[in-house]
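These notes concern the structure reproduced below.
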Amino acid sequence: MKSVYKKYGHWLLLLYFPIYLAAFAFIEQHTPGRIHIVESSLDIKIPFIEYFIVPYLLWFVYIAVGVIYFLFKEEESYKRFMYLIMIGMTAFILVSIVFPNGLMLRPTQFAHDNVFVDLTKILYSIDTATNVFPSIHVFNSLALHCVVAKSSSLRENKPVQYISFLLCVSIILSTMFLKQHSVFDVFSGMGMFCMAYAAVYRESLEKVFVRTAYVYDENHK
């Protein structure tokens, strides 16, 4: 039994996802009537661009592929990734409980009529404009890219590093251009991730950004 647990015990971390989803559903259904609006004057200047629905939805694939890959390929990287997102999503739930929040940025009329707008409308109908601070899209994207950048099996794979970086950046931008999050949500998600990264890896993020810059430079030589 001990050998089985030693070999597959890290799979138990996956149990966090149904727990988180249940907690998220609860706070969504029990959001109080009065909430704190988290917006800034800069949000008004950011245009709505429906094409960003593509990277926004790719977030779900990005995270799922990351979890599955590291689960089967790199146990240590998998654990660190899970620890990171568990910290972030738990903090998000706690913040939503003690500081109910939301935004009023979503457009009610759209300049275009296309499949991207249709997908955005579906997203709006499913995901309310409450409990947006800090952005989990931002936090988890940064977490996965940093784990990819430090991965023993992927850190020398330039195409994967480059694609991960582009996905991470485009997903972060999508949260603002789709009016799903405010600038405040995005930067708070980044700040929270920096603290979680330091706790899990016990090092500065500088090395990750240097490696990303190196990969970009090598791909453009």
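The values are calculated or read from the model by the stated rules, or taken from the named source; none is laboratory data. Only a predicted model underlies this, so the values are computations on that prediction, with no experimental measurement involved. Because the Cβ atoms are built from the backbone with ideal geometry, glycine has one as well, and the counts that use them run over all protein chains shown.
Listed by position, the helices (runs of 4 or more DSSP H) enclosed by region 58-162 that each have at least 1 residues that are closer than 20 Å to Glu39 by Cα and among the hydroxyl-bearing types (Ser, Thr, Tyr) are 75-98, 115-126. For Arg34, the requirement of being among the charged types (D, E, K, R), in contact with a helix residue (DSSP H, G or I) (Cβ under 6 Å, 6 or more places away or on another chain) and either surrounded by fewer than 18 Cβ atoms within 10 Å (Cβ to Cβ) or within 23 Å of Ala199 (Cβ to Cβ) (or both) is not met. Using the structure shown, decide if Glu50 is surrounded by fewer than 17 Cβ atoms within 10 Å (Cβ to Cβ) and of a type outside the set (Val, Ile, Thr). In short, no.
In region 67-103, the qualifying residues are those that are of a type in the set (Phe, Trp, Tyr) and more than 25 Å from Phe52 (Cα to Cα), and the one that is surrounded by the fewest Cβ atoms within 10 Å (Cβ to Cβ) is Phe72.
Across region 104-150, the qualifying residues are those that are of a type in the set (Gly, Ala, Ser) and surrounded by 17 or more Cβ atoms within 10 Å (Cβ to Cβ), and the one among them that is nearest to Leu178 (Cα to Cα) is Ala129. Annotation: of all residues in region 175-204 being more than 30 Å from Ile37 (Cβ to Cβ) and not in a helix (DSSP H, G or I), the one that is modelled with the highest pLDDT is Arg202.
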